[in-house]
Amino acid sequence: MSNDRRMTVLRAVVEDYIRTQEPVGSSALAKRHGLSVSSATVRNDMAALEDEGYLIQPYTSAGRIPTEKGYRFFVNRLASAAYLSEPQRLAVKEFLSGSVNLDDALRRASKLLAQITGQVAVVTSPSLARSALRRLEIVPLNIDSCLAVVITDTGRVEQRTVINAYPIDFSQLAFVAGTINSQCMSMNLSDVSAFIEKLDIPVSQTGYDCPVNALANIFRDIASRERTDSFYVSGTSHLAHCESMNHDDMTSLFDALEEQIVIMRLMNSLSGVSSEENVSKSDVGVAIGSETNNPALKNASFVSGGYGSENQTGKEGVPLAFVGSVGPTHMDYATTIASVRVVASYLSRYIAAERNPHFQYRSITSRKEDIPLTG
């Protein structure tokens with residue numbers, strides 16, 4: 001589409017339909033947006049947009065509504081996402097900065113994103129496969145058992161019980177744990193497992209055992225898990241109040257949200273694409289209707305952004321996890337994109353602070369009117 005006026009008409013139709021969910025007529029459009037042309041001209045432009053597949057007339061004599069193609073054109077040409085309002089920015093600062101740990105931050109982030117957008121919010125936790133070791137703690141439980149506590153650089157804590165066939169030499173095991181902590185900090189968990197397997201542990205003078213192989217297996221097991229269970233969803237009740245979605249659409253969407261691995265793959269693909277077919281001019285990906293490649297989401301749109309960066313494995317820029325919002329295709333894309341970006345930015349800074357105690361929070365966005373997270 002090369003006609004600038006038609007582009008303006010299409011944008012106006014999409015904006016009005018997002019606001020009202022009612023077919024948009026030419027006369028009202030010309031007056032409301034100050035198009036400086038007659039309603040007949042606008043009507044001709046809308047007819048041309050319909051011929052090109054950007055608009056559709058739901059029934060005779062009605063106004064037009066956007067098609068999936070129309071929404072895609074609109075999203076691709078969002079110069080920038082809208083700023084959040086002052087109350088919304090304050091809500092981000094006050095609500096998220098009270099988090100006591102990573103799980104609390106993720107839970108709060110999903111609730112806040114759902115409140116801001118009025119849609120379903122999805123937040124995933126950092127994959128353990130992409131995390132690095134911060135510290136290993138060994139807690140004796142009995143003469144032949146102990147608790148291994150693995151703390152990652154992203155703030156995750158995993159606990160495993162080791163039950164040994166023989167009494168454990170806890171002094172030697174403490175030495176092994178100290179070696180791991182001094183040599184393996186910031187090493188990914190798979191490499192920690194390989195490091196432990198290569199340790200040359202002398203025979204215990206006590207005659208007791210040091211379950212080194214059990215420790216190696218623990219790190220290998222943790223590293224292999226994608227943590228699909230750490231998946232925070234908020235705002236599903238909003239679907240019940242969405243009049244534009246029928247019962248079948250809502251049921252399908254609920255089913256899709258239950259299939260966590262499907263949602264995670266979609267979020268991963270959206271946050272990793274850079275083509276105009278899938279993203280607006282931002283760091284946030286948008287899938288509209290059939291672009292989700294999921295029949296359950298055919299009448300919905302998904303907005304997703306990654307947070308965190310896998311710097312320690314040489315994959316800088318690869319997200320550790322994702323923040324997303326799902327709603328009807330007539331969602332307020334500008335506000336949703338802005339909200340996802342702001343929440344993802346906060347979580348990125350939270351992860352950075354977890355990895356580096358000397359990290360200083362700045363603001364949660366790179367735009368004017370940023371919100372300091374300290375002070």
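The values are calculated or read from the model by the stated rules, or taken from the named source; none is laboratory data. Quick caveat, the model's predicted, so the values are computed rather than measured. Heads up, the Cβs are rebuilt from the backbone with ideal geometry, glycines too, and the neighbour counts pull from every protein chain shown. Surface areas here come from the heavy atoms of the whole protein model, side chains and all, with no ligands, DNA or RNA. Shrake-Rupley method; radii C 1.70, N 1.55, O 1.52, S 1.80 Å.
Check Val318: other-chain or 5+ apart residues with amide H under 5 Å from its amide H, H built from backbone geometry?
Amide H neighbours of Val318: Glu310.
Viscosity 1.306 mPa s, temperature 10 °C: Stokes-Einstein D of region 73-138 from its Kirkwood Cα radius, in µm² per second? Don't skip to the end; give the middle numbers.
Working: Rh = 14.6 Å.
Translational diffusion coefficient: 108 µm²/s.
When 1/r is averaged over all different Cα pairs and the result inverted, which Kirkwood radius in Å belongs to region 1-157?
Kirkwood hydrodynamic radius for region 1-157: 20.1 Å.
Evaluate the distance, in nm, between pseudo-label points positioned 7 Å from the Cα of Thr179 and of Asp255 along their respective Cα→Cβ axes.
Between Thr179 and Asp255, the simple spin-label model gives 5.4 nm.
May I ask you to order 104-116, 288-300, 173-185 by the average number of other C-beta atoms within 10 Å around their residues, highest value first?
In descending order of packing, they fall as 104-116, 288-300, 173-185.
With all protein chains present and a 1.4 Å probe, how do Tyr346, Tyr232, Tyr208 order by accessible area, largest first?
On the way: Tyr346 10, Tyr232 30, Tyr208 105 Å².
The ordering from most to least exposed comes out as Tyr208, Tyr232, Tyr346.
Any idea how far apart Ala62 and Ala352 come out in nm if each label point goes 7 Å out from Cα toward Cβ?
For Ala62 paired with Ala352, the spin-label model returns 4.8 nm.
Keeping every protein chain present and rolling a 1.4 Å probe, give me the accessible area per residue for region 1-156 in Å².
Result: 44 Å² of accessible area for each residue.
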